[in-house]
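Chemist: Let me give you the structure first, and then I'll get to my questions.
The values are calculated or read from the model by the stated rules, or taken from the named source; none is laboratory data. This structure is a prediction, so every number in the text was calculated from the model and none was measured. Don't worry about glycine lacking a Cβ; one is built from the backbone with ideal geometry, like all the others, and counts go over all protein chains shown. Calculation scope for accessible area: heavy atoms of the full protein, side chains included, ligands and nucleic acids excluded. Shrake-Rupley method; radii C 1.70, N 1.55, O 1.52, S 1.80 Å.
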Protein chains: 2
Amino acid sequence: MSKKNKKLEEGITVKKEENFSEWYQQLIIKSGLADYTAVSGCIILKPLAYAIWEKIQKACDKEFKRIGIKNTCFPLLIPESALKKEQEHVHGFAPEVAWVTHTGNTKLNERLAIRPTSEAIMYESFSKWIRSWRDLPLRLNQWNNVVRWEFKNPVLFFRTREFLWNEGHTVFATEKEALAEGSQIKNIYKKVVEELMALPGIYGRKTEKEKFAGAVFSEKLHYCLPNGRVIEGPPFHHDGQNFAKAYNIKFKDEKGKEQYVWQNTWAISTRMLGIMFALHSDNKGLVLPPKIAENKVVIIPIGFEKDKKILSKAKELSKKLTIHQPILDDRTETTPGYKFNEWELKGIPLRIEIGPKDLAKKEIVIVRRDNGRKVSVKIKNLKKEINRELEDMQNNLFEKADKLLQGTLDKSETLKEAIKKIKEKKIVLVPLKNSAEVEEILKEKTGGAKTLFIDPENTQIKGKKCIISGEPADYWVYVGKSY
Amino acid sequence: MSKKNKKLEEGITVKKEENFSEWYQQLIIKSGLADYTAVSGCIILKPLAYAIWEKIQKACDKEFKRIGIKNTCFPLLIPESALKKEQEHVHGFAPEVAWVTHTGNTKLNERLAIRPTSEAIMYESFSKWIRSWRDLPLRLNQWNNVVRWEFKNPVLFFRTREFLWNEGHTVFATEKEALAEGSQIKNIYKKVVEELMALPGIYGRKTEKEKFAGAVFSEKLHYCLPNGRVIEGPPFHHDGQNFAKAYNIKFKDEKGKEQYVWQNTWAISTRMLGIMFALHSDNKGLVLPPKIAENKVVIIPIGFEKDKKILSKAKELSKKLTIHQPILDDRTETTPGYKFNEWELKGIPLRIEIGPKDLAKKEIVIVRRDNGRKVSVKIKNLKKEINRELEDMQNNLFEKADKLLQGTLDKSETLKEAIKKIKEKKIVLVPLKNSAEVEEILKEKTGGAKTLFIDPENTQIKGKKCIISGEPADYWVYVGKSY
């Protein structure tokens, strides 16, 4: 292989706007975020990606604890009989369960499921632990891994057969308290994702057909990918008393009367990482919001083999910027140009170049990863300028993503127009009837679009006609292609 | 059931010194640390225990990062063919592997092992990732769950079929660098366990027979339980080039010569929690070192139903002590005596009692969980006194545990005497030959004692005779019963 070919292979060879899927895959692998393994659909989160997940975890966990949630750890394996107790739930998950049938050389009497989610094993214990109103609320959370053996084509981060997440499982004496928790949780997720990941999303309720298996209703954050497909972020599910009845979770209220409990579940998963990588990154590689990047700055000394002062200045600056965990790239076997490309591929938010001419003027050059903007800065102003650029970059990424999202939203009251807009990669708000049959027809006629989420405001539906059935519509709902 | 019986059942009904195993089990369940599930050997870490694990994790993780270790996340499932590459390794783990054979309704072409440890899946990637000396050292770590389906009787925390741990996997260009990492890692574990958990342990090397499957040598921290049994804490394994050869992990050195890498692995697991609970706790329940306890103080107002000033003062103190995450127990349906028992069972380090007489003297009463000592303290000195008591309690627990450990260590040069001392629940340092056969005979003649660890100093072995074979001994080694 020639040197030229090798160089090409290290960078991304397709354009985001021309072939999003191939671009995305190359981005993830070549930037060193993740790698494939011998087990199809199960990926390695390399340190670059895992450090990001740790930041999300830490930020959410702090907020969960603030509102009184406690962390716990339930077993990975669930007996088949426990999984089968809630009928909707088991039908939703059984086709994707990884089954343990043997341990060592011994066949098990009962198969064990690797948790696809932990309702089945947690709620058996809840039923045992909860006796009286004094035991409520019970608000638990786990950070763990789950396995869902989807047979659709796996996609790095978006659809993997194992993923990491939190699963909150909370139990209340009244429906009112359970519903009140919803806004607490949704605000936490929205805040963390917006502030750290610079991702705007829209909360909306799923239709009956698209809700979580076993829930009364599901509300999720929705994000829009550059290919016009909507992808779901953190869900909040209100389960009502569905699981309480299936798993027999009852309590004696203050008057001594036995009642079923009210429950919620909620989660954020490593899928969010994929959404962030896909939305912010470009044809040069990864673009990370500064607040989520572990190393916010790379310092590249230029011509330092000839001039010792340059490297010692670079080291001095590196120490000054410790808070941003700078990387000082003093390799001698590669050119500055090669280094620029490499760190752009890996998504370091700011590059500092320091060469003989800069040094003579007591300056350095700062280059922004998001827009390539290059500015010369006096060394004495470095800290302030770095902070300003990082903050500006964080805001810029959010605004760009928000513009994309807003530009994708559209509205229509006829099927014909909706179909046209969906083809143009829009997400279209339409009046629709609450009916699984209507949703099936919608999917067929639009070449695979489905209902995404009910308009959170959902006003002015009176008098509107369902674009499929022509009957009075139940709600305004966004429809479009999804991941 | 009468009220009296009910009360008895809530506390621990056997004595630690009379029936350690039964006491230990009651301690864990009744204090609310953990619970059983429908899957035998797999336990729930309830919030009380999980919060402790989080503290250990956080303390270790900070130190790992300080020395340059990066976190990563490899898949849970390992193909059977990958697991079989290192022969010693697979023989060590295969009998305990939980096998996934089906996903949904489909039989897999190749069985997948739930990781019992991750060498097999990580080293396949290492072999792909590592090309040149520039890729080294590679120092990765994971915090995750593993499954080892042991057929021995499960014991809460000590021997569970799923447990949580960290697994460090590091790769170096030279043996020297790999060995140098040993003291870094061992110091981190020793420091965290000593300082947070108040547990003294002894590092010692395992004999050839007892080392990790695939390692060149294994060194572990060892702890001594009140029943005279030794239990192993965090291991450090040096793997030499064993796995490098099995998984073909090679690099080109600076001269362009291809070489196999040198590797280490190291871990700390939730087993450590069990060791801590068992060592410090007493017949009233859990005793936790203050530094590891989430809530360090419980405030119990007495007679507050009659005197409103008492509760308002208790609330005021609670706010002042926020840093210690105090619990204010203002339940009206239970007596102060009931509360004392409950919080003693749950291991809150300090109890503050505040009643009308105390308040009149501007005092409160502090009661220590470890020694039951009761002191009256002026309210104005509260913060200072609390800090003093917490610090003193932390030290006291360490010293007590150290005394137990030192009192268990003994020495002997004859088999007859060693057997006698082992019966007296001692751990006995004896001269022994490095031989699997000798260890088998030792086990037989002592009724199950085995080699625990080679004397770290291992001096003055010259001229000593093996207590089993009578031949020249290779080392001084501790022998005794283990968990």
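Chemist: Within segment A:62-77, which residues are hydrophobic (A, V, I, L, M, F, W, C) and surrounded by 19 or more Cβ atoms within 10 Å (Cβ to Cβ)? Before the answer, list the steps.
Modeler: Just the residues of segment A:62-77 that are hydrophobic (A, V, I, L, M, F, W, C), to begin with: A:64, A:67, A:69, A:73-74, A:76-77.
Those that are hydrophobic (A, V, I, L, M, F, W, C) and surrounded by 19 or more Cβ atoms within 10 Å (Cβ to Cβ): A:PHE64, A:ILE69, A:CYS73, A:PHE74, A:LEU76, A:LEU77.
Chemist: Something else now. Taking the options B:LYS211, B:LYS191, B:LYS291, name whichever one is assigned to a loop (DSSP other than H, G, I, E, B) and under 30 Å from B:LEU350 (Cα atoms). It would help to see each step written out before you state the result.
Modeler: On the way: B:LYS211 fails: under 30 Å from B:LEU350 (Cα atoms); B:LYS191 fails: assigned to a loop (DSSP other than H, G, I, E, B).
Step by step, each of B:LYS211, B:LYS191, B:LYS291 is checked, and only B:LYS291 is assigned to a loop (DSSP other than H, G, I, E, B) and under 30 Å from B:LEU350 (Cα atoms).
Chemist: Counting only residues that are surrounded by fewer than 18 Cβ atoms within 10 Å (Cβ to Cβ) and farther than 23 Å from A:ILE310 by Cα, how many does segment A:359-372 have?
Modeler: Number satisfying all stated conditions: 2.
Chemist: Can you name every residue in segment A:295-335 that is open to solvent by less than 60 Å² (accessible area, probe 1.4 Å) and part of a loop (DSSP other than H, G, I, E, B)? So that I can check it myself, show each step before the final result.
Modeler: Our first condition is that a residue be open to solvent by less than 60 Å² (accessible area, probe 1.4 Å); within segment A:295-335, this holds for A:295-304, A:307, A:310-311, A:313-314, A:317-318, A:321, A:324, A:326-329, A:334.
Across segment A:295-335, the qualifying residues are A:ASN295, A:LYS296, A:ILE302, A:GLY303, A:PHE304, A:ASP307, A:LEU321, A:PRO326, A:ASP329, A:THR334.
Chemist: Also: Would you check which residues across segment B:62-73 are in contact (Cβ under 8 Å) with a residue 40 or more places away in the chain and more than 8 Å from chain A (Cβ to nearest Cβ) and list them? Can you show your working first?
Modeler: Step one: of segment B:62-73, the residues in contact (Cβ under 8 Å) with a residue 40 or more places away in the chain are B:63-64, B:67-73.
Hits for segment B:62-73 are B:GLU63, B:PHE64, B:ILE67, B:GLY68, B:ILE69.
Chemist: Any chance you could count how many residues in segment B:194-203 are crowded, with 22+ Cβ neighbours inside 10 Å and not in a helix (DSSP H, G or I)?
Modeler: Of all residues in segment B:194-203, those crowded, with 22+ Cβ neighbours inside 10 Å come to B:197-199, B:201.
With the extra rule that they be not in a helix (DSSP H, G or I), the set shrinks to B:198-199, B:201.
Final tally of qualifying residues: 3.
Chemist: For segment A:235-251, which residues satisfy the criterion of being surrounded by 15 or more Cβ atoms within 10 Å (Cβ to Cβ) and over 13 Å from A:LYS128 (Cα atoms)?
Modeler: Residues satisfying the conditions are A:PRO235, A:PHE236, A:HIS237, A:HIS238, A:ASP239, A:GLY240, A:GLN241, A:ASN242, A:PHE243, A:ALA246.
Chemist: Of the residues that make up segment B:131-138, is at least one modelled with pLDDT of 95 or more and closer than 29 Å to B:VAL39 by Cα? Walk me through it before giving the result.
Modeler: Of all residues in segment B:131-138, those modelled with pLDDT of 95 or more come to B:131-133, B:135-138.
Checking the rest, the ones that are also closer than 29 Å to B:VAL39 by Cα come to none.
No, there is no match, as no residue in segment B:131-138 is modelled with pLDDT of 95 or more and closer than 29 Å to B:VAL39 by Cα.
Chemist: Next question, about the same structure. Do we have B:PHE157 as within 14 Å of chain A (Cβ to nearest Cβ) and on the phi > 0 side of the Ramachandran plot here?
Modeler: It is true that B:PHE157 is within 14 Å of chain A (Cβ to nearest Cβ) and on the phi > 0 side of the Ramachandran plot.
Chemist: Being aliphatic (A, V, I, L, M), without any contact (Cβ under 8 Å) to a residue 40 or more places away in the chain and either open to solvent by less than 10 Å² (accessible area, probe 1.4 Å) or within 30 Å of B:LEU345 (Cα to Cα) (or both) is true for just one of B:ALA59, B:ALA120, B:ALA38, B:ALA98. Which residue is that? Steps first, answer last, please.
Modeler: Numbers: B:ALA59 fails: without any contact (Cβ under 8 Å) to a residue 40 or more places away in the chain; B:ALA120 fails: without any contact (Cβ under 8 Å) to a residue 40 or more places away in the chain; B:ALA98 fails: without any contact (Cβ under 8 Å) to a residue 40 or more places away in the chain.
Checking each option against the conditions leaves just B:ALA38.
Chemist: How many residues does segment A:31-43 hold that are closer than 28 Å to A:GLU194 by Cβ and either among the β-branched types (Val, Ile, Thr) or more than 10 Å from chain B (Cβ to nearest Cβ) (or both)? Reasoning before the result, please.
Modeler: First pass over segment A:31-43, keeping only residues closer than 28 Å to A:GLU194 by Cβ: A:31-34, A:43.
Restricting the remaining residues to those that are either among the β-branched types (Val, Ile, Thr) or more than 10 Å from chain B (Cβ to nearest Cβ) (or both) gives A:31, A:33, A:43.
The total comes to 3.
Chemist: Which of the following residues is assigned to a strand (DSSP E or B), touching a residue at least 60 places away in the same chain (Cβ under 8 Å), away from every other protein chain (no Cβ under 14 Å) and not aromatic (Phe, Trp, Tyr): A:HIS222, A:HIS169?
Modeler: Working: A:HIS169 fails: away from every other protein chain (no Cβ under 14 Å).
Answer to the check: A:HIS222.
Chemist: Let me ask you something else. How many residues does segment A:225-270 contain that are closer than 24 Å to A:LEU33 by Cβ and not in a strand (DSSP E or B)?
Modeler: 6
Chemist: Separate question: Taking the stated definitions as given, is A:LYS46 open to solvent by 20 Å² or more (accessible area, probe 1.4 Å), facing chain B (nearest Cβ under 7 Å) and under 16 Å from A:ARG271 (Cα atoms)?
Modeler: So A:LYS46 passes the test.
Chemist: Ok, one more. If we scan segment A:371-390, do we find a residue that is under 26 Å from the mean Cα position of the chain (by Cα) and hydrophobic (A, V, I, L, M, F, W, C)?
Modeler: Looking through segment A:371-390, at least one residue is under 26 Å from the mean Cα position of the chain (by Cα) and hydrophobic (A, V, I, L, M, F, W, C).
Chemist: Same structure, new question: Filtering segment B:74-92 down to residues that are charged (D, E, K, R) and without any contact (Cβ under 8 Å) to a residue 60 or more places away in the chain, which residue is farthest from A:ASN144 (Cα to Cα)? It would help to see each step written out before you state the result.
Modeler: Within segment B:74-92, the subset charged (D, E, K, R) is B:80, B:84-86, B:88.
Restricting the remaining residues to those that are without any contact (Cβ under 8 Å) to a residue 60 or more places away in the chain gives B:80, B:84.
Details: B:GLU80: 24, B:LYS84: 27 Å.
Restricting to residues being charged (D, E, K, R) and without any contact (Cβ under 8 Å) to a residue 60 or more places away in the chain, the top hit is B:LYS84.
Chemist: Follow-up question, since we're still on this one. Tally the residues that are open to solvent by 20 Å² or more (accessible area, probe 1.4 Å) and in a loop (DSSP other than H, G, I, E, B), restricting the search to segment A:148-164.
Modeler: The total comes to 7.
Chemist: Out of the helices (runs of 4 or more DSSP H) lying entirely within segment B:74-147, which hold 1 or more residues that are within 8 Å of chain A (Cβ to nearest Cβ) and in contact with a Pro (Cβ under 8 Å, 6 or more places away or on another chain)? Spell out how you get there, then give the answer.
Modeler: Details: elements: B:80-83, B:87-93, B:119-129.
Per the criteria, B:119-129.
Chemist: Next up: Assess whether A:TYR247 counts as being within 29 Å of A:TYR203 (Cα to Cα) and aromatic (Phe, Trp, Tyr).
Modeler: On the way: within 29 Å of A:TYR203 (Cα to Cα): no; aromatic (Phe, Trp, Tyr): yes.
Spelling it out, it is not the case that A:TYR247 is within 29 Å of A:TYR203 (Cα to Cα) and aromatic (Phe, Trp, Tyr).
Chemist: Continuing with this model, one more query. Within segment A:337-357, restricting attention to residues that are farther than 13 Å from A:ALA293 by Cβ and among the small types (Gly, Ala, Ser), which residue is surrounded by the fewest Cβ atoms within 10 Å (Cβ to Cβ)?
Modeler: Here the answer is A:GLY337.
Chemist: Which condition number in (1) in contact with a Lys or Arg (Cβ under 8 Å, 6 or more places away or on another chain); (2) within 7 Å of chain B (Cβ to nearest Cβ) is the one that A:GLU54 fails?
Modeler: All conditions are met except number (1).
Chemist: Take the residues of segment B:165-186 that are open to solvent by 20 Å² or more (accessible area, probe 1.4 Å) and within 15 Å of the chain's Cα centre (by Cα): which is farthest from B:GLN241 (Cα to Cα)?
Modeler: Step one: of segment B:165-186, the residues open to solvent by 20 Å² or more (accessible area, probe 1.4 Å) are B:165, B:173-177, B:179-180, B:183-184, B:186.
Narrowing the set further to residues that are within 15 Å of the chain's Cα centre (by Cα) leaves B:165, B:186.
Numbers: B:TRP165: 24, B:LYS186: 21 Å.
My answer is B:TRP165.
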